[in-house]
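Just so you know, all these numbers are worked out from the coordinates, no wet-lab data involved. Small disclaimer: the values here were computed from a predicted structure and weren't measured. As a convention, Cβ positions derive from the backbone with ideal geometry for all residues, glycine included, and neighbour counts pool all protein chains shown.
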Amino acid sequence: MAYLVTGAPDPHQAAGADYAEELRRKRAELELEKEVFFLGENFAVTKADLVALYALADALFFPSRQEGFGLPLLEAALHRLPIFCVDLAPMNALLEHSLHAFAPETTPAEIAARIVRTLDHAPTHRVRKEVLRRYAWSTIDREFLRPLLAAQR
C-alpha cells in the first residue's frame, strides 16, 4: 500500500511550503519513506499523470482540515473511487451523500480501520483486486507461460 501526495506547495504561499516541510518531517519521524511519496519531488504531476493515478487508485484519502473547494473529490468521484475525507462544509456541499466523512478528531487508527472495512465490503473493490491479482502479467507468466514453455523443452 502506498500513499501518494500529488499536490505541490504553492511557491507564492509560505504557509503551503511550511506545511509540505512539516509533512516530510512527519514522514521521516514515522519512518514511512517507503509508503508515502511526494510525487512533486521527482517530477511535475501533469493532468495525464493524475488521470492515470486515479485509474490505479483504490480510494481517495483527503485529510485536509481546511479547504476552499475540494477539486480532488470531484475528480475521484468521476473515477468512481470511494472518498474518505474530513467532515467539512465545502466537501459536504460538493458530494453530500457520497463521502465517507470522519470527524477531525478521529484517530489515524480509526480512519485506517474504516477505510479497510469499507473497501473489504465493497464488491467492486473485491472484484477489481481479484482481477488485478489473477490476471497480472506476473501471474500469467508464473502460472501459464513458464509451465507452457517448460513443457516444450
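Key figures
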item	result
Filter result for the condition that a residue is in contact with a Ser or Thr (Cβ under 7 Å, 6 or more places away or on another chain) and aliphatic (A, V, I, L, M), over V51, V36, V5, V45	V45
Matching option when the condition is touching a Pro at 6+ places or on another chain (Cβ under 9 Å), within 20 Å of V116 (Cβ to Cβ) and of a type outside the set (D, E), among F61, F84	F84
Test set (1) in a loop (DSSP other than H, G, I, E, B); (2) among the small types (G, A, S); (3) in contact with a helix residue (DSSP H, G or I) (Cβ under 7 Å, 6 or more places away or on another chain) - A76 fails condition number	(1)
Within segment 74-93, considering residues that are in contact (Cβ under 8 Å) with a residue 12 or more places away in the chain and more than 16 Å from the chain's Cα centre (by Cα), the one surrounded by the most Cβ atoms within 10 Å (Cβ to Cβ)	M91
Residue in segment 39-49 that is in contact (Cβ under 8 Å) with a residue 40 or more places away in the chain and farther than 26 Å from L88 by Cα present	yes
Tally, over segment 94-153, of residues that are aliphatic (A, V, I, L, M), without any contact (Cβ under 8 Å) to a residue 12 or more places away in the chain and assigned to a loop (DSSP other than H, G, I, E, B)	1
